[in-house]
Every structure is written in structure tokens, then in C-alpha cells.
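K.L.:
Just dropping this structure here.
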Amino acid sequence: KRENYGWTSNNSVFGELGMDYTEVCERIKDNGEPGVAWLENMKGYSRMKNGKDNKDHRVSGGNPCLEQSLESYEVCCLVETFPNNHESLEDFITTLKYAYLYAKTVTLGKTHWPETNRVMLRNRRIGCSISGIAQFITNRGINKLREWCEEGYSSIEKYDEVYSDWLAIPKSIKKTSVKPSGSVSLLVGATPGVHYPESRFYIRRMRLSKDSELIPVLKESGYHLEICFGSEETTLVVEIPIDMGEGIRTVEDISMWEQLSLAAFMQKYWADNQVSCTVTFKQEEKEQIKFALNYFQYQLKGISFLPRTEKGTYKQMPYEKISEEQYNKLVKNLKPLKFKRIHNEEAEIDRFCSNDVCIIK
């Protein structure tokens, strides 16, 4: 009874090292489902470069996007950073310090479920993630990325030793991940996780309630808004022209094999949890997937695939590729957004301190 819709859900299968991937790839070639997770690697390894340590021998799976391995009853604790937005390695490491502190602080809280608390209090698992990886490689090269990953990971390990002792709690069993990202990376103009953009220039469409306070501001600044197809009574769609920057390669330029290699690179040098990666494959590459899984099963903990489709699959696509000429035409008459028209007062910041002074060493 699920056959009409079951294929659209986010499913993964556990792969066994050395298995024959022919049968599962017959399904993957069709619509990308299912993803593959290697529980043996999740249990046995942190960063793949460090060798087998069996730290996660209790782990039984992962979250839906598979950037964090999890025990039964365990929950995710993720935070995201953007190295390409930093001028120097030292600046990035400062950001990592506060990203780490934020995530570690979250582990001090408790849920309503004793079984979950028991696992979380023991593991203190966090996932400091990196996004904008494609932009970083474009601007500084993959060797510099390796250097920042190595130095950044070492810094997080040092912070975990210092602050776990200071807080009198266990060190975190795992500390780093690569999220698939999405809306968070959009806020800072970054490419999501390890993924390359669909195009250098594209339209990003977002849906807003007709009652949203943002609509007058967007109209005044010259952004195009239209009625949302399928929700005509309640929703508008705004079109935002995006330029990802000069020199950025796109999914059209990147082979399936290069995408897998980048995921393995980040699993080796950064993520002691996991790298969430959806590999986009061209139709001429689909027969190679089973061979790719054979090679990369010893370098990854999980992977998923998605076939490339022609643009315009449905109306008002969230991303639509455009030319540079179209982009320039769209941005020509745009004006700065004036959000002060919504709230004239600046928000007060809660510092969550118990007295007049907050000290973070």
C-alpha cells in the first residue's frame, strides 16, 4: 500500500564492507534512493586518517542526513561555521572556540526522557560543522583546506580537554561533522556543506505568508513577488538573484567521482562523526555507481545520490539557473533592504548570567 509514495521518503540501507552493490544500485540509479550507511565504519573510526579506535562501538545508526552517528535514544547537537568568511586561520580558530563552547553548553541541559539523558550525559556528542567548502577550495585551494581542517580539529580537541575538565564532565566522544546545511548557509552566502552550487548565477525563491511584515520592505526594495502556485490565497513567492562569486565551479562541472573524493577528504581530515553528502550524478555516470561504492566503502561512513534532472521540473523551483546577463538585469534596480521599518528598536541581548559579570576564559 506504500508503493505510490514510499519511494519519496529519505531512506538508507546499512552496507556491509565487501558486499555486492549491484542490486541496491538498481534502485539508486532510478531516483537516488536509498542512501548507504556503513555501520562498521561508524562504530570503528573517528576521523578516517586516525585509524580504528572503536570509540563508537555502541552506535546503532545516525540522524536522517547522516552527519552524526547516534546510539539508540541519542539526539543531535550541531553547530555550523564558515571558514571561507574568515580572513585568517587564527580568526577561524577563534570562531571554532565559540562554536565548540555553544555546542558543549547544550550538552549540559537535560531532556524529558531519562534514556536520552543517560546517553547524552555519557557521550557529550557534538558536531562542529563546516560549510562553504566549495568556495574555500575555489579561493584558497584544497591544500589550504587540509591545513585549516587539521589545525581546527586540533584546536577543538584542546578546547574539549580544557573545558570538559573545567565543567567536570566527560570529554565529547565525537566533536566534528559536515552538515548538508541549506537555509543556514544561505544566511551567510555560503555553499552548503561539501556541495557545489547548481550555477554561479541563479534565482533563489522563498515563500512568505501574505501577512508577513517583510513583504512591504521587499516591494519597496524592488524584489519581484508573485502569487504562490498551489497556495494562492495565503502565500507569496519572492525571487532573489544570487551570484556565488567569480571562479566557482558548479555541479555541472564536477564529476560524481570528484564529489565522492571531496566527501572522503573531509571524512579523513575533519569529521570524526560523519560527512553528509548527496552526490549528484549525470545519466552517463549511473552505471558507475556500484564501482564507486566499491572504492569508497573504506573511506566513508555514509553517502547518498541524486540524479540530475532538467530544470523546470515544477513551477516556482527553489533554485533556477540564470545567465550573468539575466542576473545583472535583475539586480540593476534593487535597493538596500530597510528592516528598520519593521522594528525601530534594537533587541536587548540576554547574556544568561546569574550576576553582573560573565567570564569566559
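K.L.:
Compute the FRET efficiency between LEU108 and SER221 as 1/(1 + (r/R0)^6), taking r as their Cβ-Cβ distance and R0 = 35 Å, and round to the nearest 0.05. Provide the component values of the computation, followed by the final result.
P.N.:
Numbers: r = 42 Å, r/R0 = 1.20.
The formula returns an efficiency of 0.25 here.
K.L.:
If I take R0 = 45 Å and measure r between the Cβ atoms of LYS340 and MET19 in this structure, what FRET efficiency does the formula 1/(1 + (r/R0)^6) give, to the nearest 0.05? Don't jump to the answer; show the numbers that get you there.
P.N.:
Numbers: r = 59 Å, r/R0 = 1.31.
Once rounded, the FRET efficiency stands at 0.15.
K.L.:
Excluding residues fewer than 8 places away in the same chain, name every one of the lysines whose C-alpha is closer than 18 Å to that of LYS174.
P.N.:
Leaving aside lysines fewer than 8 places away in the same chain, those within reach of LYS174 are LYS43, LYS49, LYS52, LYS55, LYS97, LYS104, LYS158, LYS268, LYS301.
K.L.:
Please list, ordered by chain and number, the residues whose modelled amide H lies under 5 Å from the amide H of LEU306; skip anything fewer than 5 residues away on the same chain.
P.N.:
VAL279, THR280, PHE281
K.L.:
Calculate the dipole size of the range 1-117 relative to its Cα centre from +1 charges on Lys and Arg beta carbons and -1 charges on Asp and Glu beta carbons; express the result in debye to the nearest 20.
P.N.:
Values: 13 positive and 18 negative charges, 71 e Å.
The dipole magnitude comes to about 340 debye.
K.L.:
Something else about it: Within 10 Å, count the other beta carbons around each residue, average over each peptide in 107-117, 157-167, and list them highest first.
P.N.:
My ranking of the peptides, most packed first, is 157-167, 107-117.
K.L.:
If you don't mind, another one. What is the gain in length, in nm to one decimal, between ASP165 and ILE240 on full extension, counting 0.36 nm per residue of separation less the C-alpha to C-alpha distance?
P.N.:
22.3 nm
K.L.:
Now a separate question. In nm, to one decimal, how far is the modelled label at THR94 from the one at ARG140, with both set 7 Å along Cα→Cβ?
P.N.:
1.4
K.L.:
Let me ask something else. Counting only the heavy atoms of the protein chains, how much of ILE137 is accessible to a 1.4 Å probe, in Å² to the nearest 10?
P.N.:
Ignoring ligands and nucleic acids, ILE137 comes out at about 40 Å².
K.L.:
Here is a follow-up. Return the distance in nm (one decimal) between the two label points of a simple spin-label model at GLU258 and MET317, each offset 7 Å from Cα along Cα→Cβ.
P.N.:
For the pair GLU258/MET317, the computed spacing is 2.0 nm.
K.L.:
Of the options THR107, LEU236, SER221, report the single residue whose Cα projects farthest towards the positive end of the charge dipole of the chain (beta-carbon charges: Lys, Arg +1; Asp, Glu -1).
P.N.:
In the chain, that residue is THR107.
K.L.:
With the chain treated as a Gaussian network of Cα nodes joined by springs under 10 Å, which of LYS104, LYS179, LYS286 yields the largest mean-square fluctuation?
P.N.:
Result: LYS286 has the largest fluctuation of those listed.
K.L.:
I'd like the accessible area for ASP20, computed on protein heavy atoms only with a 1.4 Å probe and all protein chains in place. Round to 10 Å², please.
P.N.:
Using a 1.4 Å probe on the heavy atoms, I get roughly 110 Å².
K.L.:
In square angstrom, rounded to the nearest 10, how much accessible surface does VAL59 have for a 1.4 Å probe?
P.N.:
0
K.L.:
In what order, largest first, do THR309, THR176, THR280 sit by accessible area if the probe radius is 1.4 Å?
P.N.:
Details: THR309 100, THR176 0, THR280 20 Å².
Ranked list, largest accessible area first: THR309, THR280, THR176.
K.L.:
So, for the chain, what is the accessible surface per residue at a probe of 1.4 Å, expressed in square angstrom?
P.N.:
56
K.L.:
Okay, moving on. What is the extension gain from TYR298 to ASN54, computed as 0.36 nm multiplied by their sequence separation minus the C-alpha to C-alpha distance, in nm to one decimal?
P.N.:
Working: separation 244, 0.36 × 244 = 87.84 nm, distance 1.53 nm.
Contour length minus the Cα-Cα distance gives 86.3 nm.
K.L.:
Also, quick follow-up: Going 7 Å from the Cα of LYS210 in the Cα-to-Cβ direction, what parts of the range 225-245 have a backbone nitrogen less than 14 Å from that spot?
P.N.:
Flagged as within label range: 226-237.
The values are calculated or read from the model by the stated rules, or taken from the named source; none is laboratory data. Here the structure is a predicted model, which is why all the values come from computation and not from measurement. A quick note on method: Cβ atoms are made from the backbone with ideal geometry, for glycine too, and the neighbour counts reach across all protein chains shown. These accessible areas exclude ligands, DNA and RNA; they are computed on the full protein's heavy atoms, side chains included. Shrake-Rupley method; radii C 1.70, N 1.55, O 1.52, S 1.80 Å.
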